[in-house]
1. Among 266-275, 204-213, how do they line up from the highest to the lowest mean number of other beta-carbon atoms within 10 Å?
2. Which net charge results for the neighbourhood of F51, defined as the other residues with beta-carbon distances under 10 angstrom from its beta-carbon, given Lys and Arg at +1 and Asp and Glu at -1?
3. Given the peptides 214-225, 40-51, arrange them by the average over their residues of other C-beta atoms within 10 Å, most packed first.
4. Of K215/K262; K215/K238; K258/K289; K238/K307; K262/K307; K178/K215, which ones are farther than 28 Å apart at the Cα?
5. Can you give the local net charge around P149? Use residues other than it whose beta-carbon is closer than 14 angstrom to its beta-carbon, Lys and Arg +1, Asp and Glu -1.
6. Once the other residues with Cβ under 10 Å from the Cβ of A84 are scored (Lys, Arg +1; Asp, Glu -1), what is the net sum?
Amino acid sequence: MMKKRRLHPSASFVFAALSAWIVLSWGAIAHARELHLSYEANWGGLHVADFSLSLINGGNVYENRFHLETRGATRFFTNLAVTASSRGRIISPPATTNGDNGGNGGATIGNAAGAHLADTYLAKTYHTEYTNSRHFRWVDIDFGEGDEPAHASTGTSPIPGREERWNPAEKGPEVLEKVEENYRIGVSDPITMIPQMMTMVRAHLNGGPPSTVVKGFDGRRRFDMDVTYLGLASRTVKGILHDTYHVRVTPNPVAGFKERHKILWNGSTYDFYLSRDDRFVPIQIVPVKHGPVLTLITECETQCPIKAEEE
């Protein structure tokens, strides 16, 4: 039975979104310049959200886009919608036949001789917008160059026609400096960090280590993501048995978290089931303890639309 206290859109849906970005990006890196997918999130038998993801890989540059909207009772109480986009560049390492590969975008690869080295995804900019029943909010992140710390800013405004619901104490724009500078160096945004992590997992299938840690920053919080390849698995989804690759991702709060958010993130490990073929397409994303189950619904030629619901 679903516990209502766990239904926290600002934490659980955001991590569910991160989970989707992680596995979807793996397939995009290897086999598609553009990948457009649509997912449905269900929690305790309830349809709680839909989201779409577009990943555009230009070889040495990339652009990622994300759109989420809540559904059903969750939409009634939160009316939450999230859009995000990130841009940056991709650096492909030279071939190696011996140990140390040096630094690689904050990800640890290991020292296996002849191990396949993963591409490095360097975040440049990130922009996200949140809309709920009260207001519109945006967050921008500039990741700078080299060893510079990332800088974030935010702002808010009332939604036209809902001005009476807006809290005038929430003003903007403002600079976000709650996370110390040393925690904002060598980080990736919530989208860019995902293909970086998943290319590390893909590298494992070519001789690299079975796990890695990647640093993330969303403007307010710094967190690490532990990624571990668990092997082959069979998974039944919508009555169909699939042969899959099994990957586990565990988030770890580092800085900028409220205590109640730490509790949610510490219990938000997800298992990913990817098609066992040359595309590595995620079939389903499942929480180990609690949270929404994410299921692939369709693949589109361009960015998948999310059907609007009447308020």
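1. 266-275, 204-213
2. With Lys, Arg at +1 and Asp, Glu at -1, the net is -3.
3. The most tightly packed comes first, giving 214-225, 40-51.
4. K215/K238; K262/K307
5. -4
6. With Lys, Arg at +1 and Asp, Glu at -1, the net is -2.
Just so you know, all these numbers are worked out from the coordinates, no wet-lab data involved. Values in this document were obtained by computation on a predicted structure and should not be read as measured data. Glycine also receives a Cβ, built like all others from the backbone with ideal geometry; neighbour counts cover every protein chain displayed.
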